[in-house]
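This report refers to the structure that appears directly beneath it.
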Amino acid sequence: MGQLQPLEGNLAVAEAMRQINPDVVAAYPITPSTEIVQTFANFVADGEVDTNYVAVESEHSAMSACTAAAAAGGRVMNVTSANGLALMWEILYITASFRQPVILTVVNRALSGNINIHCDHSDTMGTRDAGWIQLYSENVQECYDNLIQAVAIGERMDVRLPVMSCLDGFLVSHSYEMLEVEDDEAVREWIGPYKPNEPLLDVENPYTMGPIDLYDYYIEHKYSQWQAYPAAKQAVIEEGKRFGETFGREYGLMETLGLDDADIAVVAMSSAAGTAKDVVDKLRDEGVKAGLLKLRCFRPFPGEEIAAALAGCKAVCVMDRAASFGAGSGPLFHEIAAAMYTGGQTVPINNVIYGLGGRTVKPADIESVYRGLMEIADTGKVEQVCTWLSVRE
Amino acid sequence: MPKNLKQLSESPVRLTAGHRLCPGCGEPIVVKQILAASDDPVIAANATGCLEVSTTIFPYTAWTIPWLHIAFENAAAVAAGMEAMYQSLKNQGKIDADTNYNFVAFAGDGGTYDIGFQALSGAVERGHKLLYVCLNNQAYMNTGIQRSSASPLGANTTTSPAGKLIPGKTKYQKDLTACMAAHDMPYAAQTIPGRWRDITRKAERAFEIDGPSFINVLTPCPLGWRCAPEETVSISQLAADTCFWPLYEVDHGEWKLNYRPKEKVPVDEFLSKQGRFRHLFKGDQGEEVRRQIQERVDYKWEQLLDRCGES
Ligand SMILES: Cc1ncc(C[n+]2csc(CCOP(=O)(O)OP(=O)(O)O)c2C)c(N)n1
Ligand code: SF4
Ligand SMILES: [Mg+2]
């Protein structure tokens, strides 16, 4: 049986890592994820894990060493934020191309410049094409649960992809909440032992990994990688269900609130979705048919499922905690708008960019988004596709 | 006991023929000699560069050992990552405790002196048990002979071209071997492909060390140096005879000179064999640069003799 405990997001992640007991961790500190690295280093120093912890000299080397360690043949984990993730960028693509299930916790933080240590999603959104599975957590319980599931999802033989498990910097990483921490044995049994796939340490069967791959094969290799993502989506669903069967907390690609009969709906990810839930409750008390789609799995992107879930609405707003400069709107909006269009939906849809650099998003801010949607639902017209929320001009 | 020539010739071939490195390229000579020095399994990390692109054109490979290429600037971190996994699995009893796998990183001078220097320095400081071999041909050859911080003064490269005003590279080469020795690492050495006994002995020594080792091999590139492909070995010998590239090692802090030419040959002999220095043999400016090169060689040689207690 698990145990209820008060923990910060970072400590919950470190606790999950201790339970998972990876063979190698190669990580580099950066706010707001540093505490995870420090806490885990203590577990290593106290002999509580078998992990070989490599305190590398940069995030570039961290992801290089992690990818190499995974290719050698074992379970590998890593932790970072913002600029650290940006420094890994070159290698992220390679990890995914090599189909190495490295598990990376990203404590979301704004990318520089200017330098800022607080939450937004510019870091992970910037890596959205790298080929990693991305799960986003609303709260401390979810970042613990998602990390455990990330291992099972990424390591499945039909998937073999790296996974980012994301939580909001400070808002979740440094917030204490009560959560259910499962027993070590139960967690280990649930994820199972690591199953190597063509490991380089198998010296009897030498393998050349990362050759030069030109116009005669590269595109076929990319296409074969492309074909892994439907299986990955299925794995997110199945492992979320299996997690629920074992631990009582079931997960899916997304969580919805009131969408069955909602006239207006917001799409949000991570901690802001928690705030939006309260706003939905309040509006429902007022008789407003408000709904929420909290996206948990951004990669693989469940476009069809999202379009279907929003089908009955009269107006939808996608909230982006990242800007896509020059695109005129945020990345989550682009993908949802495309999914709606290709899914034959004509629901009026707009976009709000919010919370950059840790700017607090209050219930009243989100309520103003719903109030805007009420107008659009009435008129059927979107006056301005993208607006920035609560920003001084 | 170091392997003799017969034993070396009977060692398993770990980089096979059929790769597409240029005729006369020094890189495969070095790689084969290094890999022949151990009978234990060897697992290689390779930085982006001539060796990597020419030996693994998919779907072919010239490697008979496990081999991993991830990127250009991270060969040390890649070797370190594999070594870390090996140590972890060994400690956990998931790999036999009696095994002795060697980890080698091969990288060019660009991947070592320049873009990969941070990863190398970090891996050495952390003390991974691995051998890092720099295939130093003194420029970015794979991308078309651009200068690196290993390119010597006066070298004509595509980014330090010999022009009407500027006579090739205007800076001296970085003394990376001394820089690695200054990490107080267990073993750092310099060698050339021209002396098989020197290179294989150094590799054997490196493999037996329980920690990081570094071997910097001056590796002639006929294409970039514009020299005759059949002279790869003899030109590297000339680099040692002119003291342009002395053979030495620093074993646990002890500096040892491994080769002292009977007669120190003027550096012009080395330079004149290579088209990359041809412009230095025309006009006063070229002569002045050659004088500076000789002066630098003399200064570094005296410094080395002093460090080795041989002055
Ligand atoms: C990050 C990055 N920058 C630049 C390159 C392009 N590049 C590939 S190999 C190379 C030069 C390799 O030179 P060196 O390390 O000396 O090896 P050589 O080919 O001379 O053996 C360069 C610049 C790259 N692959 N990656
Ligand atoms: S360009 Fe030089 S280093 Fe590259 S393969 Fe040819 S000879 Fe070898
Ligand atoms: Mg080079």
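The values are calculated or read from the model by the stated rules, or taken from the named source; none is laboratory data. Since the model is a prediction, treat every value here as computed from it, not as a measurement. As a convention, Cβ positions derive from the backbone with ideal geometry for all residues, glycine included, and neighbour counts pool all protein chains shown. The protein model used for the area step is the full one, side chains on, heavy atoms only, and it has no ligands, DNA or RNA in it. Shrake-Rupley method; radii C 1.70, N 1.55, O 1.52, S 1.80 Å.
A few notes on this one:
- Angle in degrees between helix A:34-45 and the longest Cα principal axis of chain A, rounded to the nearest 10: 30 degrees
- Per the Debye formula on identical point scatterers at the alpha carbon atoms of region A:329-380, with no solvent, log10 I(q)/I(0) at q = 0.15, 0.18, 0.22, 0.24 Å⁻¹ is -0.53, -0.73, -0.96, -1.03.
- Per-residue SASA entry for residue B:73, accessible area with 1.4 Å probe, Å² rounded to 10: 30 Å²
- 5 angstrom amide H check on residue A:291, placed H, neighbours 5+ away: A:264, A:265, A:266
- Accessible surface buried once B binds A (1.4 Å probe; total of both sides; Å²): 3000 Å²
- Chain B: relative contact order in percent, alpha carbon pairs under 8 Å with at least 6 residues between: 16 percent
- In region A:173-215, comparing the full protein assembly with the chain on its own, the residues that lose 30 Å² or more of accessible surface at a 1.4 Å probe are A:200, A:201, A:203, A:206, A:208, A:209, A:210, A:211, A:212.
- Cα-based Kirkwood hydrodynamic radius, chain A, one decimal, Å: 21.4 Å
- Its Cα centre serving as origin, region A:139-238 has a Cβ charge dipole (Lys and Arg +1, Asp and Glu -1) of approximately 420 debye.
- C-alpha center-to-center spacing [region A:309-340, region B:195-241] in angstrom: 58 Å
- Area accessible to solvent at residue B:252, 1.4 Å probe radius, in Å²: 120 Å²
- Accessible-area value, residue B:243, 1.4 Å probe, nucleic acids and ligands omitted, Å²: 10 Å²
- Residue-wise HN-Hα couplings along region B:18-26, as the Karplus relation 6.51 cos²θ - 1.76 cosθ + 1.60 with θ = phi - 60° gives them from phi, are x, 5, 10, 5, 4, x, x, 4, x Hz; Gly and Pro carry x.
- Eigenvalues of the alpha-carbon gyration tensor of the protein assembly as shown, scaled by 5 and square-rooted, set the equivalent ellipsoid semi-axes at 55, 28, 21 angstrom, largest first.
- What you get for chain B, charging only the Cβ of Lys and Arg (+1) and of Asp and Glu (-1), is a dipole of about 720 debye around the Cα centre.
- Selection from A:267, A:224, A:165 lying farthest towards where the dipole of chain A points positive, charges on Cβ: A:267
- Calculated mean residue ellipticity at 222 nm for chain A: -13000 deg cm²/dmol, from DSSP H runs with n ≥ 4 weighted as -39500 (n - 2.57), summed, divided by the residue count and rounded to 500.
- Directionally averaged projected area (region B:165-292, Cα convex hull): 8.7 nm².
- Span-like helix ranges in chain B, DSSP H, alpha carbon extent 30 angstrom or more, Kyte mean at least 0.5: none
- Residue-normalised accessible area of region A:254-388, given per residue in Å² at a 1.4 Å probe: 41 Å²
- Gap separating the Cα centres of region A:179-229 and region B:23-45, nearest whole Å: 28 Å
- Taking only alpha carbon atoms, chain B gives an Rg to Rh ratio of 0.96, where Rh is the Kirkwood radius.
- Taking a ≥ b ≥ c as the square roots of the eigenvalues of the alpha-carbon gyration tensor, region A:275-377 is classed oblate because a/c is 1.5 or more while a/b is no larger than b/c.
- At q = 0.09, 0.19 Å⁻¹, base-10 log of I(q)/I(0) for region A:1-151 (Debye sum, equal scatterers on each alpha carbon): -0.25, -1.20
- The mean sequence separation of alpha-carbon pairs under 8 Å and at least six residues apart, normalised by the residue count of region A:254-388, gives a relative contact order of 28 percent.
- Most to least accessible of B:259, A:136, A:218, A:28 (protein chains only, probe 1.4 Å): A:218, A:28, B:259, A:136
- The angle between the Cα long axis of helix A:228-247 and the main principal axis of chain A comes to about 90°, on a 0 to 90 degree scale.
- Rounded Å value of the spacing that divides the Cα centres of region A:89-129 and region A:27-61: 18 Å
- Point-charge dipole on Cβ atoms (K/R +1, D/E -1) for region A:3-247, about Cα centre, debye to 20: 560 debye
- Tensor-based shape of region A:1-45 (alpha-carbon gyration tensor, a/c under 1.5 rounded, otherwise prolate or oblate): oblate
- Accessible area of region A:138-239 divided out per residue, in Å², using a probe of 1.4 angstrom: 45 Å²
- Sequence of B:106, A:301 when ordered by accessible area, the most exposed leading, probe 1.4 angstrom: A:301, B:106
- For the pair residue B:7 and residue B:230, label points projected 7 Å from Cα toward Cβ lie 3.4 nm apart.
- Alpha-carbon spread of region B:1-149, three principal axes, descending order, Å: 47, 38, 34
- The eigenvalues of the Cα gyration tensor, multiplied by 5 and square-rooted, give region B:218-311 an equivalent ellipsoid with semi-axes of 25, 17, 10 Å from largest to smallest.
- Dipole-positive endmost among B:80, A:388, B:67 within the protein assembly as shown (Cβ charges, Cα centre): B:67
- Axis angle, to the nearest 10 degrees, between helix A:140-155 and the longest C-alpha principal axis of chain A: 50 degrees.
- For region A:278-386, trypsin sites (Lys or Arg not before Pro) are listed when DSSP marks them as loop and at most 10 other Cβ atoms sit within 10 Å of their Cβ; the list is A:381.
- Per residue, the average separation of C-alpha pairs within less than 8 Å and at least 6 apart gives region A:142-289 a relative contact order of 26 percent.
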